[in-house]
Amino acid sequence: MAPATVIYNANSHHTNGTNGAHSVRKPHSDGFGTRAIHVGSDPNPATGAVIPSISLSTTYKQDAIGVHKGFEYSRSGNPNRDAFEATLASIEVGGAYGIAFASGSATTATILQSLGPSAHIVSVNDVYGGTFRYMSKVASINQGLETTFLDLENADDDTILAAIRPNTKLIWIESPTNPTLRLIDIPRIASLAHSHPSAPLVLVDNTFLSPFYSSPLLQGADLVMHSLTKYVNGHSDVVMGALILPPHHTELNENLRYLQNAIGAVPSAYDCWLAQRGAKTLHLRMKAHGANALAVAKVLQKSPLVEEVIYPGLSTHPRNELAYRSLSPHALKWIKQSNGLEEAGFPYGGMISFRIRGGLAEAEKFLTSTRLFTLAESLGGVESLAEHPAKMTHGSIPEAERALLGIGDNLVRLSVGVEDVDDLVADVEQALEAAAALSD
Ligand code: P1T
């Protein structure tokens, strides 16, 4: 029998068709969910196991000095990390290289260290509190990093260009930002950065939307980072982070991979295995997170007990059109195919922030009255969480700056999980009433 035609494309995990009856097939690009399930997850050639084994060995036999099967020492690389990095590079569309780290924060630290001494960066002013802390309290002291925090949502082109200095190495974007969900126009910032003689790299922290809702590399970003602790793993049982780079950044990839090994803030094989398992259902979970969050946002919007709801998917959100434009190709396809989703808004991730009528007491009463939303930091797990950014995740930002950013005492952040939507809506409604009863 003639050998099957070998068909290969960047999106396909199959390099070899094994069915001789179909010797000629059209090249085919697998969809997001197919890639999440199959890329980096080939059946074991020795045992046939469909699910990769967890490879706990820290070291690998060499047949002669320097002659080995691709692995030497587990910090430099191990089968589970390699496999999961391949999954990540495939689901973050436009990616060619994935580099995993022990946490989102270790990812931040490594990329900032890679900039060297006395560098300057421009960062969106509303970033995760830990990112702000690393930039302004750690890298500033240890490597002389200077950060200009800028309102990249509203700043005009001239202001952004004027902030870029000869030693500006990086522009740091979160979109939507944590916790006020400001939306940044990534293509605009990328074209400004790339047109400037300093040519800073553009990094997007894509944690909040995950690779399902947003593909920043297609919008001109040079790097994407994730706290995989959140949606990608999705089950609140792994702390991990990653960088994903497009194919043209070969040298940058080599440099960062060198630092991954040299600094050594790497995830365990077991965590890689767990997060890879989580990533296989990312597309299913993100659709449910988005649909549930849209429903909860609509209820919050109607409530007289709420001052303001921030969910960019709502059609009343001032940047709803930008949110729509920023959707990944696969999310857009799904939204277009889903009847009626576009009228009142569309699913745009699972994060909602809102300002409850009142102040700290009302916010705290809400947060301690929910039955299903657990009062806890973090986000992106299947279970719903709620938190108070000013006192919890963003407590490391000085109070005056928090006030400028709108992170006040009545701001509540929800990570809407994938429970039954009616239960979540009922939970939010009863907790709002409990908070309102305080001022009766
Ligand atoms: O927690 P860690 O895996 O180190 O990731 C840090 C991080 C980076 N980027 C964003 C946008 C994040 O939200 C986080 C972590 N955030 C929380 C723990 C939180 O509750 O917001």
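Numbers below:
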read-out: E153 being under 25 Å from L379 (Cβ atoms) and surrounded by fewer than 23 Cβ atoms within 10 Å (Cβ to Cβ); value: yes
read-out: Region 104-136: number of residues that are in contact with a helix residue (DSSP H, G or I) (Cβ under 8 Å, 6 or more places away or on another chain) and either free of Cβ contacts under 8 Å to residues at least 40 places away in the same chain or more than 10 Å from the ligand (Cβ to nearest atom) (or both); value: 17
read-out: Qualifying residue in region 386-394 (condition: farther than 30 Å from K137 by Cα, part of a loop (DSSP other than H, G, I, E, B) and of a type outside the set (F, W, Y)); value: no
read-out: H248 free of Cβ contacts under 8 Å to residues at least 40 places away in the same chain and not in a helix (DSSP H, G or I); value: yes
read-out: Identity of the residue in region 187-217, within 15 Å of the ligand (Cβ to nearest atom) and aliphatic (A, V, I, L, M), that ends up nearest to S353 (Cα to Cα); value: L209
read-out: Checklist (1) surrounded by 22 or more Cβ atoms within 10 Å (Cβ to Cβ); (2) part of a loop (DSSP other than H, G, I, E, B) applied to H317, failing item; value: (1)
read-out: Boolean, I356 is closer than 19 Å to E429 by Cβ and among the aliphatic types (A, V, I, L, M); value: yes
read-out: Qualifying residue in region 398-409 (condition: within 16 Å of the ligand (Cβ to nearest atom), farther than 17 Å from R182 by Cβ and modelled with pLDDT of 95 or more); value: no
read-out: Subset of region 406-422 [farther than 13 Å from I356 by Cα and crowded, with 23+ Cβ neighbours inside 10 Å]; value: S415, V416, G417
read-out: Odd one out for A297 among (1) more than 20 Å from A36 (Cα to Cα); (2) surrounded by fewer than 24 Cβ atoms within 10 Å (Cβ to Cβ); (3) of a type in the set (A, V, I, L, M); value: (2)
read-out: Residue within region 276-292 that is hydrophobic (A, V, I, L, M, F, W, C), in a helix (DSSP H, G or I) and under 16 Å from S105 (Cβ atoms) present; value: no
read-out: Selection status of R357, in contact with a Pro (Cβ under 9 Å, 6 or more places away or on another chain), within 29 Å of L322 (Cβ to Cβ), within 16 Å of the ligand (Cβ to nearest atom) and of a type in the set (K, R); value: no
read-out: Qualifying positions in region 99-122 - out of contact with any Gly (no Cβ under 6 Å at 6 or more places or on another chain), β-branched (V, I, T) and either in a loop (DSSP other than H, G, I, E, B) or closer than 20 Å to F84 by Cα (or both); value: I99, T108, T110, I111
read-out: Residue satisfying condition, being outside the structural domain of Y231 (by TED's automatic domain parsing), aliphatic (A, V, I, L, M) and surrounded by 20 or more Cβ atoms within 10 Å (Cβ to Cβ), within set A361, A344, A386; value: A386
read-out: Meets criteria (without any contact (Cβ under 8 Å) to a residue 40 or more places away in the chain and part of a loop (DSSP other than H, G, I, E, B)) for S198; value: yes
read-out: Count - residues of region 72-93 that are over 15 Å from the mean Cα position of the chain (by Cα) and either crowded, with 18+ Cβ neighbours inside 10 Å or not aromatic (F, W, Y) (or both); value: 13
read-out: Among residues of region 218-270, those that are within 11 Å of the ligand (Cβ to nearest atom) and either under 19 Å from A109 (Cα atoms) or of a type outside the set (G, A, S) (or both), counted; value: 16
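The values are calculated or read from the model by the stated rules, or taken from the named source; none is laboratory data. Quantities reported herein were computed from a predicted structural model and do not represent experimental measurements. For neighbour counting, all protein chains shown are included, and Cβ atoms are generated from backbone atoms with ideal geometry for every residue, glycine included.
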